[in-house]
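In what follows, a single structure is set out as structure tokens and then discussed.
The values are calculated or read from the model by the stated rules, or taken from the named source; none is laboratory data. What you are looking at is a predicted structure, and each value in this text was computed from that prediction instead of being measured. Please note: Cβ atoms are built from the backbone with ideal geometry, for glycine as well, and neighbour counts cover all protein chains shown.
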Amino acid sequence: MSTETFEFQVEARQLLQLMIHSIYSNKDVFLRELVSNASDALDKLRLDALRDDAPGADVSDLHIGIEPDREARTLTVRDNGIGMSHEEVVRLIGTIANSGTAAFLRELKEAEDSTAAEGLIGQFGVGFYASFMVADEVTLVTRRAGEEHGTRWSSTGEGTYTIETVDDAPQGTAVTLRLKPEDAEDRLYDYTSPWKIREIVKRYSDFITWPIRMIPEAGAADGTDSTDGTDGAEAAEGTGAAPEPEVLNSMKALWARPRSEVGDDEYHELYKHISHDWNDPLETIRLQAEGTFEYQALLFIPAQAPRDLFLQGYKRGVQLYVKRVFIMDDCEALMPPYLRFVKGVVDAQDLSLNVSREILQQDRQIQLMHRRLAKKVLSTVKEMMTGAPERYATFWTEFGRVVKEGLLSDFENRDAILGICSFATTRDAEQPTTLAQYAERMQDGQEHIYYLTGESRQAVENSPHMEAFRAKGIEVLLLTDPVDEVWVDTVPEFQGKQLRSVAKGDVDLGTEDEKKESGAERERQREEYAALLEWMSQHLGEQVKEVRLSSRLTVSPACVVSDAGDVTPALQNMYRAMGQPVPEVKRILELNPDHPLVGGMRRAHADGAGGTDGTEVAAAAETTLGENAELLYEMALLAEGGELSDPSRFVRLVADRVQRTL
Ligand SMILES: Nc1ncnc2c1ncn2[C@@H]1O[C@H](COP(=O)(O)OP(=O)(O)OP(=O)(O)O)[C@@H](O)[C@H]1O
């Protein structure tokens with residue numbers, strides 16, 4: 001058979017270089033990755049067989065074999081699972097399809113020190129390629145179950161790999177590593193040592209539901225003696241010429257075992273197996289449902305949000321098992337989209353092994369399960385808030401943005417979701433607040449929970465809309481996630497208190513007495529400014545629906561606000577970005593009557609600039625006043641971080657005025 005040579009895809013090559021130069025210090029995990037892949041391959045084959053979808057496959061003794069050969073310094077991990085076709089080998093082993101991994105590689109390039117790099121790699125896991133941490137050549141021989149020919153893939157990890165067709169490959173996949181020399185200082189151990197293999201499997205792969213058999217000294221078959229082990233631990237068990245395979249794992253389904261019997265480490269290893277994350281999870285959640293519809297769930301909240309969490313095509317959902325048999329990955333029927341970061345296993349007793357995604361979506365029991373699991377995740381986070389505030393803070397930083405999507409979709413759990421939200425606040429530069437804490441601190445006479453949405457904390461905090469609130473010491477929530485623009489409009493209240501944007505509608509702050517006192521003064525100003533406001537409303541009629549006096553400004557001359565029920569500009573932009581047409585909604589220009597600029601405009605208007613006496617002087621004055629009105633409006637837009645429709649005209653008008661001061 002002819003041997004073909006292929007080049008690795010660029011990203012794959014980068015990743016291999018990293019593996020060869022070993023930026024990850026714990027090299028033992030290569031074996032976990034190979035066993036994990038082998039286990040997946042066995043799951044897939046069993047499932048196909050259950051569905052009569054694997055003609056010609058042998059499912060009689062499914063297992064994983066580990067074969068060390070001390071003499072040849074090789075280690076082989078073998079499974080008799082689904083295997084790969086020639087095309088699959090090229091597609092799956094030579095390229096990196098995972099978008100998260102591509103993003104990871106970009107970041108890794110930027111990471112300066114090796115600890116940062118190790119942290120990053122832990123976040124993604126690299127699967128099969130981890131072999132190159134411990135091997136200088138990797139050979140994979142595989143035959144897809146039911147197919148006649150097999151494929152041999154081989155590479156030193158340097159840029160190319162070879163592929164050839166083979167005739168005598170057994171069903172499944174065997175990965176043989178030519179091991180690098182032992183180097184304990186670099187945590188590169190002797191991976192032909194049965195003792196080491198036992199230890200690694202026990203630590204990382206004990207729960208794997210297939211037998212992991214070690215065949216000590218595979219080399220014995222070609223004449224080497226299996227009893228010449230040098231480890232003390234091995235010498236004791238060297239029993240002679242024909243070593244029996246030894247099953248290394250207990251195969252117990254962790255989710256079915258009582259909590260008291262399982263160590264946290266074991267849970268964490270299961271998490272790593274199903275999530276491909278190399279780090280421990282933030283939280284482990286166990287749930288056992290008894291009764292008519294029996295199931296067990298073991299759910300995990302990762303410690304870090306995956307990079308592709310917000311990309312289209314992100315696979316959500318947990319693994320579904322039926323009576324200990326793996327049925328599917330990413331079972332989206334079991335988790336709502338806003339909890340799509342939750343990983344784990346759900347094992348149901350009363351489902352058919354043939355169950356399909358479509359059936360699951362409609363199954364009433366599954367819907368009940370979905371509700372129960374969502375509630376359980378939310379209540380766990382709630383407990384974290386009080387029991388482990390630091391862990392909760394991590395949770396919120398990583399997943400808060402996603403969880404808030406639930407406010408738009410899961411009405412049944414809205415209060416529970418609001419209860420675990422926290423928000424940046426004007427009260428504290430670092431420490432966020434919950435709504436309950438905010439409500440507790442509300443001042444006498446304050447009726448609403450105030451917030452402002454925007455692009456960044458700085459932009460929101462410096463927005464003119466905040467001035468009166470700052471002056472009166474009223475706390476405002478600073479909402480800067482895109483999703484905030486949307487949910488605030490759909491959540492009417494929290495504990496009977498309305499949520500109100502400081503940039504929308506009228507604001508009426510202060511105690512009853514203060515309101516009464518300021519009422520008379522306001523009335524006077526309203527009369528004083530009536531003519532200017534009317535003139536400006538007309539002059540700026542294209543841009544705004546009204547010009548009025550403001551009670552929210554103390555420093556700035558003007559600000560732009562929306563009517564209570566109107567869509568904000570940010571939301572309009574979001575809809576537009578999604579390709580949805582939105583009509584332009586005009587906003588309201590509010591003026592600060594106590595600002596000298598606004599007072600000056602009133603006088604200019606009263607002096608005849610807004611008049612209609614038709615003289616040339618009056619016409620010029622009106623043009624100037626009109627331009628000033630435009631500038632005032634545009635300055636207000638800039639102050640809230642908005643954009644101008646004609647920036648060059650704005651600059652020209654400002655330059656003209658600056659010039660006159662020189
Ligand atoms: N023993 C095997 N039997 C059958 N297919 C395999 C085996 N090992 C790997 N594969 C195929 O190759 C693909 C890539 O494997 P690899 O370990 O690189 O990544 P992964 O397991 O998909 O994810 P991760 O990189 O996060 O570990 C797998 O998804 C699987 O389809």
Of all residues making up segment 30-79, the number that are in a strand (DSSP E or B) and within 15 Å of the ligand (Cβ to nearest atom): 9
Residue 19 is checked against (1) buried (at least 19 other Cβ atoms within 10 Å of the Cβ); (2) away from the ligand (no atom under 16 Å from the Cβ) and fails just one. What number does that condition carry? (2)
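Give segment 548-583 a look and list any residue that's of a type outside the set (A, V, I, L, M), assigned to a loop (DSSP other than H, G, I, E, B) and touching a residue at least 12 places away in the same chain (Cβ under 8 Å), or say none. First the steps, then the outcome.
Our first condition is that a residue be of a type outside the set (A, V, I, L, M); within segment 548-583, this holds for 548, 550-552, 554, 556-557, 559, 562-563, 565-566, 568-569, 572-573, 575-576, 579-581, 583.
Filter again for assigned to a loop (DSSP other than H, G, I, E, B), leaving 550-552, 554, 556-557, 563, 565-566, 568, 579-581, 583.
If the condition is that a residue be of a type outside the set (A, V, I, L, M), assigned to a loop (DSSP other than H, G, I, E, B) and touching a residue at least 12 places away in the same chain (Cβ under 8 Å), then 550, 551, 552, 554, 556, 557, 563, 566, 568 are the ones that fit.
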Kindly indicate whether any position in segment 86-100 is more than 14 Å from the ligand (Cβ to nearest atom), modelled with pLDDT under 85 and assigned to a helix (DSSP H, G or I). no
Of all the residues that make up segment 625-654, how many are more than 25 Å from residue 504 (Cβ to Cβ) and at pLDDT below 90? 0
Considering only residues that are more than 16 Å from the ligand (Cβ to nearest atom) and closer than 17 Å to residue 256 by Cα, look in segment 271-291 and name the one that is surrounded by the fewest Cβ atoms within 10 Å (Cβ to Cβ). 291
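Given 505, 473, 445, which one is at positive phi and in contact with a strand residue (DSSP E or B) (Cβ under 9 Å, 6 or more places away or on another chain)? It would help to see each step written out before you state the result.
Working: 473 fails: in contact with a strand residue (DSSP E or B) (Cβ under 9 Å, 6 or more places away or on another chain); 445 fails: in contact with a strand residue (DSSP E or B) (Cβ under 9 Å, 6 or more places away or on another chain).
Answer to the check: 505.
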Can you name the condition, by its number, that residue 291 falls short on among (1) free of Cβ contacts under 8 Å to residues at least 24 places away in the same chain; (2) within 26 Å of residue 402 (Cα to Cα)? (2)
Here the qualifying pairs (Cβ atoms under 7 Å; residues six or more apart or on different chains; first in segment 156-169 and within 27 Å of residue 10 (Cβ to Cβ); second surrounded by fewer than 15 Cβ atoms within 10 Å (Cβ to Cβ) and of a type in the set (Ser, Thr, Tyr)) come out as 160/5; 162/3; 162/5; 164/2; 164/3
Boolean, residue 545 is over 26 Å from residue 518 (Cβ atoms) and at pLDDT 90 or above: no
Any chance residue 634 is over 39 Å from the mean Cα position of the chain (by Cα) and in a helix (DSSP H, G or I): no
Residues that are in contact (Cβ under 8 Å) with a residue 60 or more places away in the chain, over 11 Å from the mean Cα position of the chain (by Cα) and under 19 Å from residue 413 (Cβ atoms): does segment 314-330 have at least one? no
Please indicate, with yes or no, whether at least one residue in segment 506-514 is touching a Leu at 6+ places or on another chain (Cβ under 8 Å) and surrounded by 13 or more Cβ atoms within 10 Å (Cβ to Cβ). no
Breaking point among (1) surrounded by fewer than 21 Cβ atoms within 10 Å (Cβ to Cβ); (2) without any contact (Cβ under 8 Å) to a residue 60 or more places away in the chain; (3) within 16 Å of the ligand (Cβ to nearest atom), for residue 140: (1)
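Taking the stated definitions as given, is residue 452 aliphatic (A, V, I, L, M), in contact with a helix residue (DSSP H, G or I) (Cβ under 8 Å, 6 or more places away or on another chain), farther than 29 Å from residue 379 by Cβ and not in a loop (DSSP other than H, G, I, E, B)?
Working: aliphatic (A, V, I, L, M): yes; in contact with a helix residue (DSSP H, G or I) (Cβ under 8 Å, 6 or more places away or on another chain): yes; farther than 29 Å from residue 379 by Cβ: yes; not in a loop (DSSP other than H, G, I, E, B): yes.
So residue 452 fits the description; yes.
Quickly run through segment 584-597 and pick out the residues that are touching a strand residue (DSSP E or B) at 6+ places or on another chain (Cβ under 6 Å) and part of a loop (DSSP other than H, G, I, E, B). Full working, then the answer.
If we filter segment 584-597 for residues that are touching a strand residue (DSSP E or B) at 6+ places or on another chain (Cβ under 6 Å), which is where we start, we get 586-591, 593.
Within segment 584-597, 586, 593 meet the criteria.
Out of 659, 580, report the one residue that is surrounded by fewer than 19 Cβ atoms within 10 Å (Cβ to Cβ), more than 27 Å from residue 531 (Cβ to Cβ) and over 40 Å from the mean Cα position of the chain (by Cα). Write out each step before concluding.
Working: 580 fails: over 40 Å from the mean Cα position of the chain (by Cα).
Just one listed residue meets the conditions, 659.
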Among the candidates 205, 131, 155, single out the residue that is touching a Phe, Trp or Tyr at 6+ places or on another chain (Cβ under 6 Å), closer than 25 Å to residue 265 by Cβ and within 16 Å of the ligand (Cβ to nearest atom). 131
Residue check: is residue 135 at pLDDT 95 or above, within 22 Å of residue 36 (Cβ to Cβ) and in the same structural domain as residue 82 (by the TED database)? yes
